[in-house]
Amino acid sequence: MTYFITEDDLAPYINTTDLSVLDQNLNYWQQISLAVIEEIRSYVGHRYDITTDLRGLNLTAVNTGITCSVGARYYNTASKLHYICILDATNQTLTNTTYFTQGDSRNQTVLMRFIDMVLYHLHAHITPQNVPTIRHERYDGNDPKQQGGAIGWLKMLQKGDVTTVLTVLVDDEGNEQGHRVTYGNVTRNDYRR
């Protein structure tokens with residue numbers, strides 16, 4: 001199974017002791033991250049290619065014997081480095097620059113919002129009545145209209161009020177799907193597929 005985030009991605013947002021207490025060494029964060037992908041899809045999946053943009057990372061502790069297709073993402077857990085496959089590879093090393101380039105191709109804003117959502121749900125899973133304020137605000141914002149946090153950002157992305165570098169879905173004619181359409185002076189979301 002591949003996941004959009006790694007446990008190392010969580011380190012800047014939560015200390016390892018707190019993560020261990022919440023996760024209980026059962027890797028709840030992994031299952032929650034799969035649910036977060038679907039939560040994101042429910043907001044913006046009509047417009048953006050979530051399957052491509054939130055595709056998982058292949059985890060490996062070694063650099064050798066890698067077989068994959070163009071676009072595959074790898075994270076070396078030993079070196080803590082990210083790699084992207086740029087040419088179909090058979091039994092290659094991650095450091096072979098003919099087949100791989102070093103770098104993290106995940107959108108960093110999406111990554112941050114994704115982690116905020118995972119940590120909120122991880123807290124809510126363990127202590128639903130005692131989610132820390134910072135987790136609640138980073139997930140849901142700090143106002144009743146959910147205008148802040150990850151959910152507020154997704155709602156703005158859904159409406160087209162903010163932009164990101166996610167892959168826009170297009171129909172057979174090359175037209176954007178889910179873009180805003182103005183009818184007179186009323187703007188509506190167009191959810192054609």
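For the condition assigned to a helix (DSSP H, G or I) and either out of contact with any strand residue (DSSP E or B) (no Cβ under 7 Å at 6 or more places or on another chain) or surrounded by fewer than 19 Cβ atoms within 10 Å (Cβ to Cβ) (or both), what is the one hit in S20, S33?
Just one listed residue meets the conditions, S20.
Looking only at the range 60-75, filter to residues that are crowded, with 19+ Cβ neighbours inside 10 Å and within 16 Å of Y3 (Cβ to Cβ); which one of those is nearest to the chain's Cα centre (by Cα)?
Among those residues, the one meeting the criterion is R73.
Out of curiosity, is R41 over 17 Å from D9 (Cα atoms), surrounded by 14 or more Cβ atoms within 10 Å (Cβ to Cβ) and within 13 Å of the chain's Cα centre (by Cα)?
yes
Restricting to the range 33-92, count the residues that are among the acidic types (D, E) and touching a residue at least 24 places away in the same chain (Cβ under 8 Å).
Result for the range 33-92: 3.
State the number of residues belonging to the range 85-106 that are under 24 Å from the mean Cα position of the chain (by Cα) and either buried (at least 16 other Cβ atoms within 10 Å of the Cβ) or farther than 27 Å from I50 by Cβ (or both).
4
Name the residues in the range 80-109 that are among the hydroxyl-bearing types (S, T, Y), at pLDDT below 95 and out of contact with any strand residue (DSSP E or B) (no Cβ under 7 Å at 6 or more places or on another chain), would you?
T109 - this is the single residue of the range 80-109 that is among the hydroxyl-bearing types (S, T, Y), at pLDDT below 95 and out of contact with any strand residue (DSSP E or B) (no Cβ under 7 Å at 6 or more places or on another chain).
The values are calculated or read from the model by the stated rules, or taken from the named source; none is laboratory data. As the structure is a prediction and not an experimental result, all values here were calculated from the model. Cβ sites come from the backbone with ideal geometry, for glycine too, and all protein chains shown count toward neighbours.
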